[in-house]
Every structure is written in structure tokens, then in C-alpha cells.
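Quick note: the coordinates plus some simple rules give every number you see, no bench work behind them. In this text, all values refer to a predicted model and were calculated from it rather than measured experimentally. Positions of Cβ are backbone-derived with ideal geometry, glycine not excepted, and every protein chain shown enters the neighbour counts.
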Amino acid sequence: DTGVSQNPRHKITKRGQNVTFRCDPISEHNRLYWYRQTLGQGPEFLTYFQNEAQLEKSRLLSDRFSAERPKGSFSTLEIQRTEQGDSAMYLCASSPGLGLDTQYFGPGTRLTVL
Amino acid sequence: QKEVEQDPGPLSVPEGAIVSLNCTYSNSAFQYFMWYRQYSRKGPELLMYTYSSGNKEDGRFTAQVDKSSKYISLFIRDSQPSDSATYLCAMSGTTSGTYKYIFGTGTRLKVLA
């Protein structure tokens, strides 16, 4: 399968714990995006990378959130000191990186903070 | 006011009906328009994309963009129970060099057999 993959698919954690999610984009896609989706809402942009450079971060991405894309391949999204309000689906997408282009989404990681 | 407005539904139709799904937007800088389908607890799946005003057809799906009215539509012909899902519109523009998508809330569609 050559689509976007995300791990884990589900994560249950207690409030105050740290969690880390991984995204593997489609091979040779230069751009990688993170979105968050809560129940009944569309995905909301968090951040994106062009190769290894993080070019934009939403104000939704508080200081407790950090994302990396070392070597321009896979990416990780870490949430420190999780809060119940962090419970959501975290979606990763990738695109070729040519102007306005099409983003392909992974299956998402569903986070539940107890 | 949200940049992209979409009726959340739910929308229930009988099998075989023509479905019309719509989004309005306020940002005239949007240039790229997408429709995604999302099944429950899954990631969004791309259905259609278009850069320009007018119609684009792909099988049973037709995407329509009217930039003068800031209005986009997705039509599904001969709807099937397997089309039951949430349909998300998404938009993007590059006036500030950003490539992020702005999504509507999604419309829940149920096609009854």
C-alpha cells in the first residue's frame, strides 16, 4: 500500500501524560500536513512541512504541541501534558509540493484523554 | 462568521436520487476547491478537485464552482447506499503563500435502500 500511514490508530491516555504520533507520507511527497478533527467538525489545520522545514503553524498549536519532520520523510506530532480538550482525531496528509496541489489523507490517529 | 459554511445535515435520500451538496465561502482568495468523502472513523478520501469556475464531471459525481457567488456544489447521480458518508468541502488559496486547506463542517448523507 502506497498511501499515507499513521500510527498508532488509537491512543487512550490519562490527563497529563505525553503522547507521540507518527505519520509516513506518500513516497516522494514533499509537503506534509497535520490537521485535527473533532466530532461533527471538519479538519482544522495545525501545521505543515515543506521537506524538513516547518513553514506554518496554526494558533491552535499551543506550546504543548510540537511537530518534527527529520530528513523530510516521516513526521511526528507530540502533545505534552495532555488535556481532555486534546481528545480528537489527528489527521496527517501529504502532497507532491507543487504550488496548489492535492492533499491525500491518512486514516488518522484517534486520541482519547481520560 | 466561518470562512467556509456547509450545512451539516443529516440529509436522507432514497436510493437512485440525485444528491446536491453545497458550500459557501467568504474569502475571494480561494482558488482551489476539493470534495472529500469521509466514512465514520476513517480519514477523508479525495473525490474531486477543481481550480476554476464551471463544472467537472467524474462518473456519477459532478463538481460545480461559481466564484462570482462564492458557492460550490457536488452532485451525486444515481445515489447508492454505499454513498452514505460525510462529505467535506475544502478550499485553498495562495495570497499569503499558504497551502493549508480550509474545510467545511461536512454534510452527513444517508442513502436509503
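Details
- Computed from phi, the 3J(HN,Hα) profile of segment A:100-108 under the Karplus parametrisation 6.51, -1.76, 1.60 (θ = phi - 60°) reads 6, 10, 8, 9, 10, 9, x, x, x Hz, with x in place of Gly and Pro.
- In segment A:73-114, the C-alpha radius of gyration followed by the widest Cα-Cα span (Dmax) gives 13.3, 41 angstrom.
- Annotation for segment B:1-63: trypsin sites (Lys or Arg not before Pro) lying in DSSP loop with at most 16 further Cβ atoms inside 10 Å of their Cβ are B:2, B:41, B:42, B:60.
- Placing +1 on each Lys and Arg Cβ and -1 on each Asp and Glu Cβ, with no other charges, gives the protein assembly as shown a dipole about its Cα centre of roughly 620 debye.
- Extension gain, residue B:78-residue B:11: 0.36 nm per intervening residue step, less the Cα-Cα distance, totals 22.6 nm.
- Reference-scaled alpha-carbon Rg (2.2 N^0.38 Å with N residues) for segment A:1-64: 1.25
- ³J(HN,Hα) computed for each position of segment B:73-80 - Karplus, 6.51 cos²θ - 1.76 cosθ + 1.60, integer Hz, glycine/proline x: 9, 10, 10, 10, 8, 6, 4, 10
- Among the GluC sites (Glu not before Pro) in segment B:1-83, those located in a DSSP loop and surrounded by at most 16 other Cβ atoms within 10 Å of their own Cβ are B:3, B:15.
- Ordering of B:6-13, B:72-79 by packing [mean C-beta count within 10 Å, highest first]: B:72-79, B:6-13
- Take the Cα radius of gyration of the protein assembly as shown and divide it by 2.2 N^0.38 Å, N being the number of residues; the result is 1.02.
- Distances between placed amide hydrogens fall under 5 Å for residue A:46 paired with A:34, A:35, A:36, all partners being 5 or more residues away or on another chain.
- Table column - 3J(HN,Hα) (Hz), segment B:37-47, Karplus curve with 6.51, -1.76, 1.60, x for Gly and Pro: 10, 10, 7, 3, 6, 10, x, x, 10, 5, 9
- Cleavage-rule hits (trypsin sites (Lys or Arg not before Pro)) in segment A:57-114: DSSP loop, at most 16 neighbouring Cβ within 10 angstrom: A:59, A:64, A:81
- Average beta carbon contacts from partner chains per residue of B:102-111, 10 Å cutoff: 2
- Overall Cα dimensions of segment A:25-101, principal axis frame, Å, largest first: 36, 26, 20
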